[in-house]
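This report refers to the structure that appears directly beneath it.
The values are calculated or read from the model by the stated rules, or taken from the named source; none is laboratory data. Please read all numbers here as calculations on a predicted model, not as lab measurements. We place every Cβ from the backbone using ideal geometry, glycine too, and count neighbours over all the protein chains shown. Ligands, DNA and RNA are excluded from the accessible area calculation, which covers all protein heavy atoms including side chains. Shrake-Rupley method; radii C 1.70, N 1.55, O 1.52, S 1.80 Å.
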Amino acid sequence: MNLDQKTISELAQHLEAAELNASDVVKITDAYPNMDYEDAYAIQYEIRKNKINRGQKFAGLKMGLTSQAKMKQMGVDTPIFGFLMDYMGRGDGQEIITKELIHPKVEPEIALVTSKELRGPNCSVDDVLSAIDFLVPAMEIIDSRYRDFKFDLKSVIADNTSSSRYVMGGKITDVSGVDLEHLGVVLEKNGEVVATGAGAAVLGHPAKSVAMLADMLASRGETIPTGTFIMTGAITEAIAVDVGDTVTAKFQHLGSVTTRFA
Ligand code: OOG
Ligand code: MG
């Protein structure tokens, strides 16, 4: 750690204010070039703690930058994790108020809920497959608080990996018999196909993303508790949206999920 607790608190407030006011800021490493990864997660955890202290409910975890497409789009090379809160979640077909966000982009993601505790290190794809309660089709709406989505890895980790909204499909599916690796997804904006992909885009297998999350948490002395909702990471590049757009992600086997930007 290179930052003191006072600076961590200030940066957490700074980034959360940018989120809640929908106003962008420059990446924090500009002012704190020597901050390290531990500092970055410390800021993210401070934001999470502050939200919980204000009565918001923790809703789950997400992996980010798990696909080659995203890593390339963002010019980075390692996955990261963040958290989701209840107020960020929407049901299938519910609207998202565009003016609450800065410059939202949509990503189709396979989500799941765990039926067992997952503990790293060395958590495997098989460990994860045997700990999936059910699968849910989902979309994440990312909204970096950084101007023009320009950031480095440490800045985006501190900014809770751009988490802002997520939409869950209404149908749950048992994992047995579902081939997550080859599972196809089509993302449509206003009825036109804007991106396509398969589960393998997520680290070769979406369960690998959860295994990696367990391993990353293990280095902090944490596990993934039973009953955790997890978004496994974008299957395609993120698609920018604007007021009036309707976006639908259609998943093979899992069903579809839609939202409209009001
Ligand atoms: C970081 C968040 C990426 C994903 O699924 O890859 C992410 C960003 O691209 O702003 O959520
Ligand atoms: Mg995502």
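Observations on the model:
- Using C-alpha pairs below 8 Å separated by at least 6 residues, the relative contact order for the chain is 27 percent.
- Accessible surface of residue 196, taken over heavy atoms with a 1.4 Å probe and every protein chain present, rounds to 90 Å².
- For the chain: rounded, prolate or oblate by the Cα gyration tensor [a/c cutoff 1.5]: oblate
- Relative contact order [Cα under 8 Å, 6+ residues apart], region 169-240, whole percent: 28
- Estimated from helices alone, the mean residue ellipticity of the chain at 222 nm is -7500 deg cm²/dmol (sum of -39500 (n - 2.57) over DSSP H runs with n ≥ 4, per residue).
- Residue (of 97, 244, 135) at the positive-pole extreme of region 5-261, dipole from beta-carbon charges: 97
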